Ligand SMILES: Cc1ncc(C[n+]2csc(CCOP(=O)(O)OP(=O)(O)O)c2C)c(N)n1
Ligand code: SF4
Ligand SMILES: [Mg+2]
């Protein structure tokens, strides 16, 4: 298993001139996703609306009506049916895209397992939103993290540009390893925030992402079937194969990202180290909080504090080796996250501790439940929490911090 | 004696795992051989999935996608939409689901697919209960029938799925049963050659679940029609009704007495069931008359 760490690379500055054929548009994170999906040319998009995902679906409808996006949009009667149709359309041999959030993702849960078991390389965007009860519409990653065992690849992005680019990359990886992939960004902070976004030209995306033409499909000429009852040995083998495919995702993601960077000039890596040189501590974050943490690190560095940032982009499979390499020699980590698993704590905190277990001279790890329920975690707040983490003794459990 | 010649294309083959004499397996034989080899099947958990066969065997010489219990219609829609995008307009998509997977847990997906007029033939093999899990009741189980979850007899009526589907105004709805194989095969062929959402509910006696003798499926199935318990009819575009086979003056008791699930009934209960059968038959006839000559208005 090998994985490389990307050099820091954020979305291009607002004044950067787009390459010939590229569009430079002011887009919300969700609309950026719709443009990314359009460029990937899925044939079928079964979808069901839910706040805060709806602008993705609406923009796809608009692009279809305008004749820019040649796609069969299936207005399903539920997310369960949307995902059911995604799976079979994919197995019939066409590229498939969908998007959802929160309650919708949970209604899909049974079919999420089915999709990975059937090895259907669907790409889906999930917009992180709190899960009821009680009702809320706030950014919180618990919805997608609760799907971490479903056999889906998961990427967490921090802005619209990254979401657009990652949707296109996700198709490349998913179709190579034959697993479904979820691109996850947070409600409102990313989904509804407007930023200048570069939409790569169709020619460049076509050159990057070849037509989907799987050797195995539901086809009367081929005659293959899916999903029959299997015995224990077959099930064992099936799960082992699924695990092997997951393991390939690390290398495939690094390669897909490097190729993308060559083609489009933007890359992200499966994780990113920001100002980590000689650090006494790294803030570990994923999703929208990364953007604020970057600013906080600049503030801390300016104040003479040796604090850096480790952004986790690929969450499933969890890039254990790359994370270990990134934190080697750093005495202390503080995870700041916007999710909560009752009885378990912060999910990234758990995953990180598991990844570091048995490592020689492991860093001490703080786990801060900083943004649960969508509460604002400003750069100033992150500075304050980081300063606390620099002196406090870490405890095994995640700690509520406001 | 009337004999029926089936154009066996061996799309469905012997050696499958159904109980010998199973009405559902017989229906699958007529349905698949009529649909032909240029068909992709969708099957949810049910006795049909068992009949279809465990990996690496298959009794069906077509690609089959085994889906989840709720998802048959949505899964079939995904295939049919993908086929259109591939330019394969001549491939049939066939969902073969039980009554549990149709009337109950799969109903939302079915209703959604019907509303969108998805292009598929959806055949419900109706054995009036969840046979695969040990003969529990479904909403298709008739009034007073004993199942493992209604040991005292089911207190509510059988849901009228044909009328519910007709109310979706889809191109084709039909009822059929294995005791009338030529009628069943004709309806499947008719549905196959149409476009859009086509729905056929086939009454398929389950030997174990109904308490019927091994050689009784066809006899019981014919009695269901001949007593008026399960009339055979078609509805096109939700309006044009055609009755194919109705009651022939045989009391419903002749049908009930063939089945252990009705053995507990007293005389009054049999009368109550007879009254229900008569009432539903008169309602169906009234519907046919009131719809006669109606032009379809969108
Ligand atoms: C979500 C879900 N719940 C429950 C089951 C268990 N289950 C498998 S088959 C079945 C009953 C199927 O009944 P029906 O559709 O009438 O088919 P039959 O076995 O009678 O042919 C049930 C409840 C399941 N597979 N999935
Ligand atoms: S249990 Fe009933 S429906 Fe199932 S295979 Fe046996 S006879 Fe057929
Ligand atoms: Mg049944």
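Can you pull the one-decimal nm distance between simple spin-label points at residue B:208 and residue B:267, each 7 Å off the Cα toward Cβ?
Reported label-point gap for residue B:208 and residue B:267 is 3.7 nm.
Grab the Cα-Cα distance for residue A:70 and residue A:280, subtract it from 0.36 nm times how many residues apart they are, and report the gain in nm with one decimal.
That pair, residue A:70 and residue A:280, stretches by 70.4 nm at full extension.
What is the Cα centroid distance between the stretch A:169-247 and the stretch B:16-34, reported in whole angstrom?
With the stretch A:169-247 and the stretch B:16-34 each reduced to a Cα centre, they are spaced 37 Å.
Which order do peptides B:115-125, A:104-114, A:369-379 fall in by mean Cβ count within 10 Å, highest first?
Packing order, densest peptide first, comes out as B:115-125, A:104-114, A:369-379.
For the peptides A:48-56, A:84-92, what is the packing order when you average, over each peptide's residues, the other Cβ atoms within 10 Å and list the highest mean first?
A:84-92, A:48-56
With a point put 7 Å past each Cα toward its Cβ, work out how far residue A:23 is from residue A:230 in nm, to one decimal.
Each label point is offset 7 Å from its Cα along the Cβ direction, giving 4.2 nm.
Residues of A:72-80, mean number of Cβ from any other protein chain within 10 Å of their own Cβ, rounded to a whole number?
That works out to 5 on average.
Of the beta bridges DSSP finds with both residues in the stretch A:16-264, what % are antiparallel, to the nearest 5?
Of the beta bridges lying entirely in the stretch A:16-264, close to 25 percent run antiparallel.
Enter the mean number of other protein chain beta carbons within 10 Å of the beta carbon of each residue in B:82-89, as an integer.
6
Could you list B:143, A:357 so that the one with the fewest beta carbons within 10 Å of its beta carbon is first and the one with the most is last?
A:357, B:143
How far apart, in nanometres, would the label points at residue A:51 and residue A:146 be if each is projected 7 angstrom from Cα along the Cα-to-Cβ direction?
Spacing of the two 7 Å Cα→Cβ label points: 1.9 nm.
Relative to the longest principal axis of the C-alpha atoms of chain A, give the angle of the C-alpha long axis of helix A:160-177, reported between 0 and 90° and rounded to the nearest 10°.
60
I need the calculated FRET efficiency for the pair residue A:384 and residue A:341, taking r as the beta carbon distance and R₀ as 30 Å, to the nearest 0.05.
Computed FRET efficiency for residue A:384 and residue A:341: 0.75.
Quickly rank A:63-74, A:258-269, A:234-245 as a protection proxy: mean count of other C-beta atoms within 10 Å, highest first.
Packing proxy ranking, top to bottom: A:258-269, A:63-74, A:234-245.
Would you mind calculating the gained length between residue A:262 and residue A:238 on full extension (0.36 nm times residue separation, minus the Cα-Cα distance), in nm to one decimal?
Answer, rounded to one decimal: 5.1 nm.
On a 0 to 90 degree scale, rounded to 10, what angle separates helix A:79-92 from the longest Cα axis of chain A?
Compared with the principal axis, the helix lies near 60 degrees.
Report, in degrees rounded to the nearest 10, the 0 to 90 angle that the Cα long axis of helix A:289-302 makes with the longest principal axis of chain A.
For A:289-302 against chain A, the angle is about 30 degrees.
Rounded to the nearest 0.05, what FRET efficiency do residue A:295 and residue A:202 have when you use their Cβ-Cβ distance and R0 = 25 Å?
Rounded to the nearest 0.05, the efficiency is 0.10.
Quick one: length gained pulling residue B:89 to residue B:275 fully straight, 0.36 nm per residue minus the C-alpha distance?
62.2 nm
Given a Förster distance of 41 Å, report the FRET efficiency between residue B:193 and residue B:157 from their Cβ-Cβ distance, rounded to the nearest 0.05.
Efficiency for this residue pair is about 0.75.
Bear in mind these aren't lab numbers, they're just calculated from the coordinates by the rules spelled out. On a predicted model such as this, the values are computed, not experimentally measured, just so you know. Please note: Cβ atoms are built from the backbone with ideal geometry, for glycine as well, and neighbour counts cover all protein chains shown.
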